[in-house]
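> Below you'll find the structure I mean.
Just so you know, all these numbers are worked out from the coordinates, no wet-lab data involved. Everything numeric here is computed off the predicted structure, so don't read it as measured data. Here Cβ is always computed from backbone atoms with ideal geometry, including for glycine, and neighbour counts include all displayed protein chains.
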Amino acid sequence: MFKQTLLILAAICLTAGMARGAGSPFIGEWKLDASKSRLPDEMKVQSKGDNKYAFDFGAGAETVVVDGSDQPGYGGTLLSVKAEGPDTWTVQRKKDGRLLIKATWKLSKDGRTLTDSFRQFDSDGSTLSIDYVYQRTGSGSGFAADWQSIKETMNSAFPLQVKEFRGDGLSFINPVAHVTKNVKFDGAEYPNEGPNAGRGASSSIRRVDERTLVMTDKSNGKVRDTEDIGLSADLKTLTITVHIAGSEKPNVLVFERN
C-alpha cells in the first residue's frame, strides 16, 4: 500500500562548469518510460485467526479485522479491508476523513497470483494509478502470503522537472508526489520540501564521474535509500536505480527527455 514510487534526477559534468546552474544538461522536463521501468513491491499478509490479519506494506505490521470497518493504521491513518467475495478484497486507507488509497485485490483460482488495482488519491484531485501482479512466496493460504510483485503497470503520467537551485545546485521536482529535492555538489544534506516530503527528510548528492551521480535520501538522519544515477551519451535518457534500505530488489526508473 505504501508503494514507493521514488523519483530523482541527476546531473553530469561535461566540463567543470556544466555541472552547475543553467549549464546543467539535466535542467528541463523528463517523462517516465513505464515500459522500461521496474517498481518491484512486496507485501506480507499473515492470518491471526478470527478473521484478523496482519498487513505489512513496508512500514511495519498493521493488524485489522477484515470486516470493512475503519481501524487504526500506520501514521495516524485508518485502514479497512473488506471481503467482497472469496477471491476479492477491497483495501482502503483514510486520514482526516479523506480517502488516500483504494486497492482491489483479486486472487487467482489456483491461489498462486494476486492482482492489485492500486489507486492513490491526492488532495488536488489527481489520481496515481498502478496495476500490480504478485506471486505467492512462503507459507500461507488464501490472501495470507508473502507477495512479491512480478509485473507493475504504471497507468498515470509520471513527470519529473529539474531546475536550477541557488545558482550552483539542482532542484528535482516531483509534481505527482508534491516533493522537491534540493541539492548542491558540496556534500551537505538539504531538507526536502513539499506537503508530502515528510518531517526530517533530506537529500545529498555526489559526483562519481561525468555521467554518474549518487544521491542519498535520509529520514531523521537515517538512510532511507540511495540512487545510482546515469545519463546516456546523447543526454536524452536518464536511468535511476533506487536501492531502498531493507529491500533486496531495486527500483529501476527510466526517463526520457520531453
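> With only Lys, Arg, Asp and Glu charged, each at its Cβ (+1 for the first two, -1 for the last two), find how big the charge dipole of the stretch 42-154 is about the Cα centre; round to the nearest 20 debye.
Taking the Cα centre of the stretch 42-154 as origin, the dipole is about 120 debye.
> Under a plain spin-label model, where a point goes 7 Å from the Cα along Cα-to-Cβ, how far apart in nm are residue 199 and residue 245?
1.7 nm
> If exposed means no more than 10 neighbouring beta carbons inside 10 Å and the site is in a DSSP loop, what's the longest run of the chain without any exposed trypsin sites (Lys or Arg not before Pro)?
1-108
> Relative to the present Cα-Cα distance, how much length would full extension add between residue 67 and residue 126 at 0.36 nm per residue of separation?
Gain on stretching residue 67 to residue 126: 18.4 nm.
> On to the next question. Please compute the contact order of the chain in relative form: average sequence separation of alpha-carbon pairs under 8 Å and at least six residues apart, divided by the residue count, as a percent.
19 percent
> Work out, step by step, the length gained on full extension between residue 258 and residue 135: first 0.36 nm times the residue separation, then minus their alpha carbon distance; give nm to one decimal.
40.8 nm
> Of the GluC sites (Glu not before Pro) in the stretch 100-189, which ones lie in a loop per DSSP and count no more than 16 other C-beta atoms within 10 Å?
189
> Using a simple spin-label model with points 7 Å from Cα along the Cα→Cβ vector, what separation in nm is obtained for residue 184 and residue 168?
Between residue 184 and residue 168, the simple spin-label model gives 0.7 nm.
> If one computes the Cα centroid of the stretch 193-228 and of the stretch 116-148, what distance in Å separates the two points?
Comparing the Cα centres of the stretch 193-228 and the stretch 116-148, I get a distance of 26 Å.
> Compute the FRET efficiency between residue 84 and residue 222 as 1/(1 + (r/R0)^6), taking r as their Cβ-Cβ distance and R0 = 41 Å, and round to the nearest 0.05.
Calculated value: 0.60.
> In addition: For the pairs 36/151; 184/236; 36/181, note any where the Cα-Cα span goes beyond 20 Å.
Result: 184/236; 36/181 exceed 20 Å.
> Nearest 20 debye, what's the magnitude of the dipole of the chain about its Cα centre given +1 on Lys and Arg Cβ and -1 on Asp and Glu Cβ?
That gives a dipole near 80 debye.
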